[in-house]
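Chemist: Input: one structure, supplied below.
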Amino acid sequence: MIVDAAIQEDVDAIGISSHASNYSQIEGLMDLMRKNDLDDVLVVCGGNIPKHQIERLIAKGVAKVFTPGSAGSEIVDYLVSNTRRLVTQ
């Protein structure tokens, strides 16, 4: 459903909150993203993710993992600096 929505809405980024051990689902998402040529969509994760799992997610294509204590401004700055286009209001 996430991949379908990303295609339909032409998203620039996907954010995943991981508060459980659903890391295999995130890895599966990254495989589906690749199969659907969504390599230009930024995927970020946040949550209490062990260091070894962060390394696996990055290897699968997750752009950035924000750990507990990350400032909201840090996340926003990262997204603004790394997405394809900026929306101005």
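Chemist: Of (1) part of a loop (DSSP other than H, G, I, E, B); (2) touching a Leu at 6+ places or on another chain (Cβ under 8 Å), Ala6 satisfies all except one. Which?
Modeler: Every listed condition holds for Ala6 apart from (1).
Chemist: Where the second residue is hydroxyl-bearing (Ser, Thr, Tyr) and surrounded by 11 or more Cβ atoms within 10 Å (Cβ to Cβ) and the first is under 22 Å from Thr83 (Cβ atoms) and lies in segment 51-63, which pairs have Cβ atoms under 8 Å and are six or more apart or on separate chains?
Modeler: Note: pairs meeting the criteria are Ile54/Thr67; Leu57/Tyr23.
Chemist: So how many residues does segment 27-48 have that are assigned to a loop (DSSP other than H, G, I, E, B), within 12 Å of the chain's Cα centre (by Cα) and under 24 Å from Gly72 (Cα atoms)?
Modeler: 2
Residue by residue, here is whether (1) hydroxyl-bearing (Ser, Thr, Tyr); (2) within 13 Å of Gly15 (Cα to Cα); (3) at pLDDT below 95 holds:
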| residue | (1), (2), (3) |
| --- | --- |
| Gly28 | no, no, yes |
| Leu32 | no, no, no |
| Lys35 | no, no, no |
| Asn48 | no, no, yes |
| His52 | no, no, yes |
| Val62 | no, yes, no |
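Chemist: Which residue pairs have Cβ atoms under 8 Å apart, sit 6 or more places apart or on different chains, and have a first residue in segment 69-81 that is part of a loop (DSSP other than H, G, I, E, B) and a second that is surrounded by 13 or more Cβ atoms within 10 Å (Cβ to Cβ)?
Modeler: Close Cβ pairs satisfying both conditions: Ser70/Gly46.
Chemist: Is there a residue being hydrophobic (A, V, I, L, M, F, W, C), touching a Lys or Arg at 6+ places or on another chain (Cβ under 7 Å) and part of a helix (DSSP H, G or I) anywhere in segment 12-26? Lay out the reasoning, then the answer.
Modeler: We begin by selecting, within segment 12-26, every residue hydrophobic (A, V, I, L, M, F, W, C); these are 13-14, 16, 20, 26.
Right, trim to touching a Lys or Arg at 6+ places or on another chain (Cβ under 7 Å) and you get none.
So far as segment 12-26 goes, no, none of its residues is hydrophobic (A, V, I, L, M, F, W, C), touching a Lys or Arg at 6+ places or on another chain (Cβ under 7 Å) and part of a helix (DSSP H, G or I).
Chemist: I want to confirm something. Restricting to segment 1-29 and keeping residues that are among the hydrophobic types (A, V, I, L, M, F, W, C), closer than 25 Å to Ala71 by Cα and in contact with a strand residue (DSSP E or B) (Cβ under 8 Å, 6 or more places away or on another chain), which single residue is surrounded by the fewest Cβ atoms within 10 Å (Cβ to Cβ)?
Modeler: Residue satisfying both the conditions and the ranking: Ala13.
The values are calculated or read from the model by the stated rules, or taken from the named source; none is laboratory data. Remember, it's a predicted structure, so these values are computed and weren't measured experimentally. Quick reminder, even Gly has a Cβ in these numbers, built from the backbone with ideal geometry, and neighbours come from all protein chains shown.
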